[in-house]
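The structure under discussion appears below in the form of structure tokens.
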Amino acid sequence: MSDTAPRQFATDGPSGARTVATASTTPAGPSSSGDRRKGPNGSGWLITVVGVASGATLLVLGLRVGGALTAAIPGLPDAGPMTTRALPVFRLLSDGLATVTVGMLVTAAFLLPGDGGSVSPHGFLLLRRAGVAALGWSVAALSLVGLTASDLLGQPLATLGPATVVSFATTISQGQSLTLQAGLALAVALLARFGVSRGLAATVAVLALVAVLPPAFTGHSAGAGNHQIAVTSLALHILAAAVWIGSLIALLVVRRSRLLAHAAARYSRLALGCFVAVSVSGAANAAVLLGSVDQLWQSRYGWLVLGKLAALLILGALGATHRSRTLPALRAGRRWAFGRLAAGELIVFAATVGLAVALSRSPTPVAEAGVDADPITELLGFPMPTAPTVGNLLGQPLPDMFFLTLCALGIGGYLGGVRRMRLAGHGWPLARTASWVGGLLLLAASTSLGVARYAYVLFSAHMAQHMVLSMLVPILLVGGAPVTLALRALRRPADPGVRGAREWLLIAVHSRLTKLLTHPLVALGIYTASLFGLYLSDLLGVLMRSHVGHLAMLTHFVVAGWLLFWVLIGVDPGRRRLPHPLLVIIHLASMMAHGFFGLVLMQTTTVIAPGWYLAVHPTWASPLLTDQQLGAGIAWAFGELPAVVVMIVLIRQWIRADQREQGRLDRAADRADASGAEDDLARYNAFLAVAGRTDSDPGRAAGPDQS
């Protein structure tokens, strides 16, 4: 069906009757002639043209300042002027289309109200346009595969054969990331045209955010020292910027809608969070790539960073103006006010994107200084640590921005929920708060202190980290009951057509996926399979060689433990309610599986993940098999104390459940005595008494005719 064909959506009329609204690819016009004069149809095209021109101008200027357009060095292979000029242009095109796709999908799914289970007519419009943008994004990413191969190999694009391009796309990390991005963007384009449900829109929005990330793991940051900060900060920077810029573009598309005032208010809160995320992540990434503060004014790369900083400050000022002036004007019905101010903000955004692309094509001071000449530093992201001591294990931090950000948000959000509960006059157990905060602090310590350094080079340290993340941290997090707190503390949106965080959380809690994952056999299987599958195959070595693989592995440890202990001792809604005797049996099964894993590991006589541990084995360390045996002993012995704690909690919950049930029966009996009626317990006792008399007198059971 063509994009220009109108679509019908059922909406609730003022009287509650169902009416039909028609949506087309052309936004509904303003209701007054004054609005038409203040918001002409051509303004959108003018904003687009000016924005593209600003981005292109800053791109060319940034490339010249950063040194990416310098003449070829004699004696070195040159890809030719076509590749040199086309590569940043296609990168800008790919980034721009990715931003538009993400923003339209996020706006359709989360910022605009829906119609029951479907998106609104304007949401439908954004979904279809996002599909077109995603298709262009996929084509641009595929074009970058060939251009990047030409640039890295130093051969003109015309001389590259198809086999060379295919080999680059399937075997080299830069080519693999671009190919993956093109495939994900194509999937987004297809799914965006598949339906109109709000759940589908949210799913496609998340997929688009994932599709933005692959190139972030193969650029300057991936090759820099301390990529634990550089890669994660760049990924966070890209995600926040895409949501921030793209959602603004999407709101400009529907700026004449009556829904704009409420959507702009929600966007303002989202933009504030994105501004903070972009600022913090950008500063962290620049600190790693610059190496020192003086490189800000002594290097061309630093000049571009200062340009981006200036643009960010301007955007912050414009955002403050939005909240102080534009939002009240929108509530007063002056929808043209949003377009006027957002146009200037979008132009600055376009210039910022141009500078960002120029930065990606410019050499960094760290690379010029040759910091990564050490192969161990290139592989690990930091130099080989010295022999472990208590001070080294607890000191010499290796900050991982992914887990630090996750822990900071988790602690801040939880404490904010507790504060909101208390302000409303409701209490919240201090033990639950301490359990949650302690679990996240332990997560941050085990992934960012000195022990994280040794977990890269020693199997024993890695196993200790694994046991903490899969057993201690999940038990503490489950004890915090975060879902229960969130459902009580989160507020409902003012517009009933909007799904806020609470509504999306309820959908996730009661989804089929949650029911599947919380099945006791599934949770136990995931936990057990992650032990045997990781260490009795080559998977560990594969995951350790990439930063994203290492993050995925550590995250899986926490999630697998969370699922198992949520089924066993969790109090949050959403998990399967099982009888306590069955829970005890499941816990005993998990203990036996864990103990058997430790015994199998101790009897293994071959080195696990030899390709990795041979490459990073320290000279001061014991032989690989000796260290592996130590790690096996840690795995076998570590589970005893957490297992006992879980068993105690299970028995305590069992006793409390029996006490509650007995209390319920006693209250029912008291009510029956007061009313003179016979309750269920009294009838059951009478039945047992009759059955006892019958068994003791068989003649009475036979009846008078058979006596």
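We did not get these values from a lab; they are worked out from the coordinates using the rules stated. What you see is a predicted model, and the numbers here were worked out from it, not measured in a lab. Cβ sites come from the backbone with ideal geometry, for glycine too, and all protein chains shown count toward neighbours.
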For the range 536-662, the Debye formula with one identical point scatterer on each Cα and no solvent gives log10 I(q)/I(0) at q = 0.14, 0.19 Å⁻¹ as -0.78, -1.14
Where the convex hull is taken over the Cα atoms of the range 77-218, what is its projected area averaged over directions, in nm²? 8.3
Between the range 565-600 and the range 519-550, what is the C-alpha centre distance in whole Å? 18
Which of the peptides 614-620, 123-129 is most tightly packed, and how do the rest follow, going by the mean number of other Cβ atoms within 10 Å of each residue? 123-129, 614-620
Proxy reagent accessibility, fewest Cβ within 10 Å first, across HIS519, HIS322: HIS519, HIS322
From the phi angles alone, apply the Karplus equation (6.51, -1.76, 1.60; θ = phi - 60°) to the range 397-414 and give each ³J(HN,Hα) in whole Hz, x where the residue is Gly or Pro. x, 10, x, 10, 5, 5, 6, 5, 5, 4, 5, 5, 5, x, 5, x, x, 5
Roughly how big is the range 77-218's charge dipole about its Cα centre, with Cβ charges of +1 (Lys, Arg) and -1 (Asp, Glu), in debye to the nearest 20? 300
Please work out whether the range 553-618 counts as rounded, prolate or oblate from its C-alpha gyration tensor, where a ≥ b ≥ c are the square roots of the eigenvalues and a/c under 1.5 means rounded, while otherwise a/b larger than b/c means prolate and anything else oblate? oblate
Long-range amide H partners of ASP115, meaning residues 5 or more apart or on another chain whose placed amide H is closer than 5 Å, are SER120
For the range 472-480, in residue order, the Karplus 3J(HN,Hα) values (coefficients 6.51, -1.76, 1.60; θ = phi - 60°; whole Hz; Gly and Pro = x) are 5, 4, x, 4, 5, 5, 4, x, x
Return the Rg/Rh ratio of the range 508-609 with Cα-based radii and a Kirkwood Rh. 1.03
Anisotropy class of the range 470-517 from Cα gyration tensor, a/c 1.5 cut: oblate
Determine ³J(HN,Hα), in whole Hz, for all residues of the range 427-442 in sequence, where each value follows from phi through the Karplus function 6.51 cos²θ - 1.76 cosθ + 1.60 and θ = phi - 60°; x replaces Gly and Pro. x, 8, x, 5, 5, 5, 4, 5, 5, 5, 5, x, x, 6, 5, 5
